[in-house]
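Here's the structure we're looking at; comments come further down.
The values are calculated or read from the model by the stated rules, or taken from the named source; none is laboratory data. Please read these numbers as outputs of a predicted model, since none were measured by experiment. Cβ sites come from the backbone with ideal geometry, for glycine too, and all protein chains shown count toward neighbours. The area values use the complete protein model at the heavy-atom level, side chains included, leaving out ligands, DNA and RNA. Shrake-Rupley method; radii C 1.70, N 1.55, O 1.52, S 1.80 Å.
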Amino acid sequence: MTTIQLPKDFFLGVATAAAQVEGAAFEDGKGPSIWDTMCREEGRIDDSSNIDVACDHYHRVDEDVQLISSLGVSTYRFSISWARVMPDGRSVNQKGLEFYAALLDKLNAAGIQPWVTLYHWDLPQALQDEGGWANRQTASLFAEYARVVYSALGERANVWTTLNEPWCASFLSYVCGEHAPGHTSPDEGVAAAHHLLLAHGLATAQIRRLARQKGLHPKVGITLNFSWAHPANPDSAADRDAARRVNGAQNRIFADPLFLGAYPPDVVADMALEADIMKYVREGDLQIISAPIDVLGINFYNGSQVAAPSEGYKPASPQRNARGVLGRSPIVGSASVVPVARHTPHTAMGWEVKASDLYELLVWLNSEYARPFDTEMVITENGAAFDDVPDRTGYVDDSKDRLVYLRDHLAAALRARSEGVNLKGYLVWSLLDNFEWARGYTKRFGIVRVDYGTMQRVPKASAHWLAKVAANRNFEAPEP
């Protein structure tokens with residue numbers, strides 16, 4: 001073991017998302033989101049649950065802000081519900097804005113930096129009825145939503161993320177059918193991917209314009225979910241191409257237009273058999289999308305190992321929870337890539353645990369995109385679900401699984417930083433056990449256990465570890 005020091009300018013924090021924790025699904029003027037709708041469709045959610053109450057954060061803001069404060073971390077990342085602020089996607093609900101204004105005021109009073117995400121997948125159902133993200137108009141409506149929110153709340157927060165994980169909001173939602181709205185159309189998926197990126201660019205321009213008028217200097221960015229695929233046989237050209245396909249589908253399809261102003265030609269070609277993203281690109285779109293950002297949020301959970309299919313290979317049915325490797329997508333079809341399991345631990349989601357994958361990803365990102373533009377990078381989500389076993393008080397000793405996962409990934413991230421990666425912070429997913437999308441309440445990612453019957457919050461061993469790291473600014477970890 002070795003002692004790892006946190007750099008002076010490196011911050012720690014925790015994260016949540018509105019649909020997963022807030023509850024109050026139809027209170028104070030909030031309209032239905034696509035997740036409210038999907039929860040009411042038979043067979044969509046593993047435990048047939050919904051987000052009507054979730055973690056009841058809407059009514060427990062004071063308790064949860066105090067909980068964050070007790071951990072000693074400096075930053076809280078949360079999302080604003082578009083359906084709460086603009087129930088039909090267009091008209092403003094003042095009570096929705098007031099809720100987030102109060103939350104921001106409480107965080108600032110407690111000395112906790114708010115990290116605002118404008119969109120974490122809860123599209124107003126009224127807009128989905130008009131085509132959702134497959135409809136180009138949704139991008140313009142999102143920019144108006146950003147204008148409304150920043151006009152009302154801009155002085156209260158200095159970090160603004162436009163979108164969370166557009167890969168999930170497009171391919172996992174419109175192609176794989178796992179996330180709301182649960183469609184299985186490759187054409188809708190590529191349309192949604194482009195329109196989400198366009199929405200990011202349009203919203204960024206709105207925030208910049210308003211900030212100049214207000215004399216503010218916010219950090220503006222986007223959060224992408226990344227993975228890192230290795231070829232099963234590095235000496236095999238076919239296996240290397242399989243890894244290229246996965247990394248292209250997961251990483252470059254979004255990062256290239258954001259940082260390089262163009263979709264990667266090889267990925268567009270991979271995609272063309274099922275859907276052509278370029279038919280949705282209009283003149284000027286990529287210039288809007290590639291406007292400089294201040295910070296790139298990086299969500300990372302797992303890497304993978306893949307191979308090319310052998311002759312006569314027949315793919316199994318698309319599998320869930322694979323974060324782009326096994327699920328059917330318009331770029332990495334299930335016939336194009338074969339997952340090859342590595343001898344690593346797995347989380348309760350079935351995801352492999354190998355912290356060095358995060359290190360390799362960060363080094364690649366820094367060399368490929370961030371360094372030429374001096375963009376800051378922050379790990380905005382990293383965490384794991386395990387099969388927690390609470391004692392009679394509700395306490396979970398996760399010191400042998402979740403704590404180890406967080407420790408080793410934080411160490412890998414800081415190793416990358418020590419080698420020149422422009423990494424500024426690390427946010428744990430998640431503060432609370434919560435609604436895990438299509439998994440319902442069957443999977444627990446929180447460092448704080450939530451009893452869904454009583455809503456009691458009980459910090460786990462991993463939460464106590466994080467608090468100790470925040471207080472001491474160091475921790476013990478194995479040598480890499």
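Could you check segment 56-94 and list, in sequence order, the residues that are β-branched (Val, Ile, Thr) and assigned to a loop (DSSP other than H, G, I, E, B)?
VAL73, ILE80, VAL92
Between a residue in segment 215-231 that is among the β-branched types (Val, Ile, Thr) and any residue that is surrounded by fewer than 19 Cβ atoms within 10 Å (Cβ to Cβ) and in a loop (DSSP other than H, G, I, E, B), which pairs come within a Cβ distance under 6 Å, given they are 6 or more apart or on different chains?
These pairs meet every condition: VAL220/ASP294.
Just checking, does segment 145-156 include any residue being within 18 Å of the chain's Cα centre (by Cα) and either polar (S, T, N, Q) or closer than 20 Å to ILE80 by Cα (or both)?
Residues of segment 145-156 within 18 Å of the chain's Cα centre (by Cα): none.
No, segment 145-156 contains no residue that is within 18 Å of the chain's Cα centre (by Cα) and either polar (S, T, N, Q) or closer than 20 Å to ILE80 by Cα (or both).
Could you tell me which numbered condition PRO480 fails, if it satisfies all but one of (1) open to solvent by 10 Å² or more (accessible area, probe 1.4 Å); (2) under 29 Å from SER33 (Cα atoms)?
Against the list (1) open to solvent by 10 Å² or more (accessible area, probe 1.4 Å); (2) under 29 Å from SER33 (Cα atoms), PRO480 comes up short only on (2).
Would you be able to tell me the number of residues in segment 453-480 that are touching a residue at least 40 places away in the same chain (Cβ under 8 Å) and either closer than 21 Å to ASP408 by Cα or among the hydroxyl-bearing types (Ser, Thr, Tyr) (or both)?
19
Can you name the condition, by its number, that ARG320 falls short on among (1) at pLDDT below 85; (2) more than 30 Å from VAL116 (Cα to Cα)?
For ARG320, the failing item is (2).
Do the conditions hold for ALA126, that is, is it open to solvent by 20 Å² or more (accessible area, probe 1.4 Å), under 23 Å from VAL295 (Cβ atoms) and at pLDDT 95 or above?
Here the answer is no, as ALA126 does not meet what is asked.
Tally up the residues in segment 137-167 that are out of contact with any helix residue (DSSP H, G or I) (no Cβ under 9 Å at 6 or more places or on another chain) and open to solvent by less than 20 Å² (accessible area, probe 1.4 Å), please.
Keep residues of segment 137-167 that are out of contact with any helix residue (DSSP H, G or I) (no Cβ under 9 Å at 6 or more places or on another chain), which gives 158-159, 161, 164.
Cutting the leftovers down to open to solvent by less than 20 Å² (accessible area, probe 1.4 Å) gives us 159, 161, 164.
Matching residues across segment 137-167 total 3.
Go through segment 357-396 and give me each residue that's outside any loop (DSSP other than H, G, I, E, B), closer than 24 Å to VAL14 by Cβ and open to solvent by 30 Å² or more (accessible area, probe 1.4 Å).
TYR359, GLU376, PRO390
Return the pairs, sorted by first residue and then second, in which the second residue is among the acidic types (Asp, Glu), the first residue lies in segment 180-207 and is over 12 Å from ALA275 (Cβ atoms), the beta carbons are less than 6 Å apart, and the residues are 6+ apart or on different chains.
From segment 180-207, the pairs are LEU198/ASP285.
In the list ALA110, ALA192, ALA180, ALA134, which residue meets the criterion of being open to solvent by 10 Å² or more (accessible area, probe 1.4 Å) and more than 28 Å from TYR426 (Cβ to Cβ)?
Numbers: ALA110 fails: more than 28 Å from TYR426 (Cβ to Cβ); ALA192 fails: open to solvent by 10 Å² or more (accessible area, probe 1.4 Å); ALA180 fails: open to solvent by 10 Å² or more (accessible area, probe 1.4 Å).
When all the criteria are applied, what remains is ALA134.
Looking at this structure, is LEU202 farther than 26 Å from ASN251 by Cβ, open to solvent by 10 Å² or more (accessible area, probe 1.4 Å), modelled with pLDDT of 95 or more and more than 17 Å from the chain's Cα centre (by Cα)?
no
Restricting attention to segment 425-436, does a residue exist that is in a strand (DSSP E or B), within 20 Å of THR223 (Cβ to Cβ), under 23 Å from the mean Cα position of the chain (by Cα) and not hydrophobic (A, V, I, L, M, F, W, C)?
Within segment 425-436 (the criterion being in a strand (DSSP E or B), within 20 Å of THR223 (Cβ to Cβ), under 23 Å from the mean Cα position of the chain (by Cα) and not hydrophobic (A, V, I, L, M, F, W, C)), the answer is yes, since at least one residue qualifies.
Among (1) in contact with a Leu (Cβ under 7 Å, 6 or more places away or on another chain); (2) closer than 16 Å to ASN164 by Cβ, where does SER140 come up short?
Condition not satisfied by SER140: (2).
Being among the charged types (D, E, K, R), more than 30 Å from ARG407 (Cβ to Cβ) and without any contact (Cβ under 8 Å) to a residue 40 or more places away in the chain narrows it down to one of ASP52, ASP56, ASP28, so name that one.
Answer to the selection: ASP52.
Determine whether segment 34-50 contains at least one residue that is of a type in the set (Asp, Glu) and over 21 Å from SER173 (Cβ atoms).
No, that holds for no residue.
Say we look at segment 5-31 and pick out the residues that are over 30 Å from ASN422 (Cα atoms), among the small types (Gly, Ala, Ser) and assigned to a loop (DSSP other than H, G, I, E, B); which of these is most open to solvent (accessible area, probe 1.4 Å)?
GLY29
In segment 448-477, how many are within 15 Å of TYR405 (Cα to Cα) and open to solvent by 30 Å² or more (accessible area, probe 1.4 Å)?
3
Checking GLU283 against (1) in contact with a strand residue (DSSP E or B) (Cβ under 8 Å, 6 or more places away or on another chain); (2) open to solvent by 10 Å² or more (accessible area, probe 1.4 Å): exactly one of these is not met. Which one?
(1)
When residues of segment 422-447 are filtered for being open to solvent by 10 Å² or more (accessible area, probe 1.4 Å) and either over 25 Å from LEU172 (Cβ atoms) or of a type in the set (Asp, Glu) (or both), how many remain?
The qualifying residues number 3.
Considering only segment 234-255, state which residues are in contact with a strand residue (DSSP E or B) (Cβ under 9 Å, 6 or more places away or on another chain), farther than 22 Å from TYR359 by Cβ and of a type outside the set (A, V, I, L, M).
SER236, ASP241, ARG245
Is it the case, given these coordinates, that THR75 is β-branched (Val, Ile, Thr), modelled with pLDDT of 95 or more and either open to solvent by 60 Å² or more (accessible area, probe 1.4 Å) or closer than 23 Å to ARG444 by Cα (or both)?
Yes.
Do we have SER48 as open to solvent by 60 Å² or more (accessible area, probe 1.4 Å), over 25 Å from GLU165 (Cα atoms), polar (S, T, N, Q) and at pLDDT 95 or above here?
Details: open to solvent by 60 Å² or more (accessible area, probe 1.4 Å): yes; over 25 Å from GLU165 (Cα atoms): no; polar (S, T, N, Q): yes; at pLDDT 95 or above: yes.
Judged against the criteria, SER48 is not a match.
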